[in-house]
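Here is the structure we will look at, set down as structure tokens.
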Amino acid sequence: MRAKGKPIQQIDNLNIDDLPNASKNIIAFAQDYKIWLFEGEMGAGKTTLIKALCEALGVVDEVSSPTFALVNEYVNREQATFYHFDFYRIEHEEEAMDIGVDEYFYSGHLCFVEWPGKIPSLIPDEFLRIFITINSDNTRKIVLEIV
Amino acid sequence: MSITILALESSCDETSAAVIRDGVLITNVIATQTVHENYGGVVPELASRAHQQNVVPVVHQALSKANIRKSELSAIAFTQGPGLLGALLVGTSFAKALALSLKKPLIAVNHMQAHILAHFIEDPKPAFPFLCLTVSGGHTQLVLVEDYLKMEIIGQTRDDAVGEAFDKSAKLLGLTYPGGPLIDKYAREGNPLSFSFPPSEMPGFDYSFSGIKTAILYFLRDQTKRDANFIQDNLYDICASIQHSLINMLLDKLIKAAKHYKISNIAIAGGVSANSGLRAALQNLVPAYNWQVYFPKFEYCTDNAAMIAMAAHFKYINEEFCSLEVSPEPRMKFGV
């Protein structure tokens, strides 16, 4: 059962050591949503958080930045597939269409999407938004929102 | 009987075709405006669509400049990966169709292996074994090369590629994308020791470049809080310091690996090997370590089909052909 309305959760004062626990919270919060959008400025830690989430999900492949290839594909111990996108370097939404982004998004597999703002019209209607900001003491604040 | 191979490269932004005969490069055509002038077309900035539009004229030009008929070809080679799936599909499909219609063998080439084998296109050619530092926008690898097709990745990045670290640092400085070459340009005017960014410690010969990106972000945030004009007033020094830090991280592992494997032949490959700071820093190490260093010509550093053709030549001699069932592999690996 999905929660009604627009649930929001906030995790603040997060250090790198807190990532395994925070990952478990995010996975629980996400229910069965498949599209997870990661927003935050460069260096906020989007790829780092995705690495921690993949670890918590039992991913066996090396998780690295897909800035070059646009999409990386991982599997976990149960052979479930995960897609990790990074649209940072694209200039036109058509480039994302060219890699068949629709087929990935509607594949039923979990999709981690960095820089979703580059492809606003291609994002499915229902998603989990993960907003990362840097506090002045360099800890992180993560705001989760189901849309 | 001579070995004549047509090779196609379409892993990322460049569409390229090359012809090689008995290991000697005859033509290497990279899609540019000049290719299109002959056909009256325009190049859209869309990777795979551009490849679709470029592949026919590029292949045609490579063959006609080489004055070679398709029937004279011994094999067709293509980049199987790593790269963008949509882009790789164009070269793969085209090569397969050509091989099928001409009834010629097909050779699948790993783009990263080809970057290293670009060293064998022209003299001076490195002697085996050698260590190759392959650095580009998508990759950072230390490779132990024992023979043309016998090579092993001994270290690589766990997160961002070094080219990405250059480009993203440039973005933090407000420079245009891709900003790596701009950092190199401004770095020449600055003091590399003005600011220091702590290197990431990684086990073995692996690299990590995402931490330094965050360190740069914090640094710029704190400095601009004190002085809003900090970046523009110190741009050259900041660029020089970032470049110095990134190059030091690259060379630190290279030196360790060279000592560990007792190797003195050192090569660099990939787009970032065009970086003037990296070339100078590597050259500076030569007297201390008694290295023999090899820099590829600039045109063979960036993506090109000449290196795919070179790799295919060695695979042809080894009879490493593939079937028509072959598919692109966006995250293709290599090694023993």
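The values are calculated or read from the model by the stated rules, or taken from the named source; none is laboratory data. Everything numeric in this text was worked out from a predicted model, so none of it was measured. Don't worry about glycine lacking a Cβ; one is built from the backbone with ideal geometry, like all the others, and counts go over all protein chains shown.
Please find, within segment B:300-332, the residue that is surrounded by the fewest Cβ atoms within 10 Å (Cβ to Cβ) out of those that are outside any loop (DSSP other than H, G, I, E, B) and at pLDDT below 95.
Restricting attention to segment B:300-332, the residues satisfying the condition of being outside any loop (DSSP other than H, G, I, E, B) are B:300-301, B:305-317, B:322.
Checking the rest, the ones that are also at pLDDT below 95 come to B:300-301.
Values: B:Y300: 24, B:C301: 22.
Filtering segment B:300-332 for residues that are outside any loop (DSSP other than H, G, I, E, B) and at pLDDT below 95, the one surrounded by the fewest Cβ atoms within 10 Å (Cβ to Cβ) comes out as B:C301.
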- [ ] Take segment B:78-92 and flag every residue that is out of contact with any strand residue (DSSP E or B) (no Cβ under 7 Å at 6 or more places or on another chain) and more than 14 Å from every other protein chain (Cβ to nearest Cβ).
- [x] none
Open item on the list: For segment B:119-144: of the residues being among the aliphatic types (A, V, I, L, M) and more than 16 Å from the chain's Cα centre (by Cα), which is farthest from the other protein chains (Cβ to nearest Cβ)?
Closed with: B:A127
Open item on the list: Can you go through B:V29, B:V19 and tell me which one is β-branched (V, I, T), crowded, with 23+ Cβ neighbours inside 10 Å and at pLDDT 95 or above?
Closed with: B:V19
- [ ] Would you point out the residue of segment A:54-82, among those that are in contact with a Gly (Cβ under 8 Å, 6 or more places away or on another chain) and closer than 24 Å to B:H111 by Cβ, that is surrounded by the fewest Cβ atoms within 10 Å (Cβ to Cβ)?
- [x] A:T67
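Quick one: would you say B:G40 is modelled with pLDDT under 95 and on the phi > 0 side of the Ramachandran plot? Even if it seems obvious, please write down each step before you answer.
Details: modelled with pLDDT under 95: yes; on the phi > 0 side of the Ramachandran plot: yes.
Taking the combined requirement at face value, the residue satisfies it.
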Task: Among the residues listed as B:A267, B:A281, B:A228, the single one being touching a His at 6+ places or on another chain (Cβ under 7 Å) and either modelled with pLDDT of 95 or more or in a loop (DSSP other than H, G, I, E, B) (or both) - done: B:A267
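Would you pick out the residues in segment B:80-123 that are of a type outside the set (V, I, T), part of a loop (DSSP other than H, G, I, E, B) and either at pLDDT below 95 or at negative phi (or both)?
As a first pass, look at segment B:80-123 and keep what is of a type outside the set (V, I, T): B:80-89, B:91, B:93-106, B:108, B:110-115, B:117-120, B:122-123.
With part of a loop (DSSP other than H, G, I, E, B) added as a condition, the list becomes B:82-84, B:103-105, B:122-123.
B:P82, B:G83, B:L84, B:K104, B:P105, B:E122, B:D123, listed by residue number.
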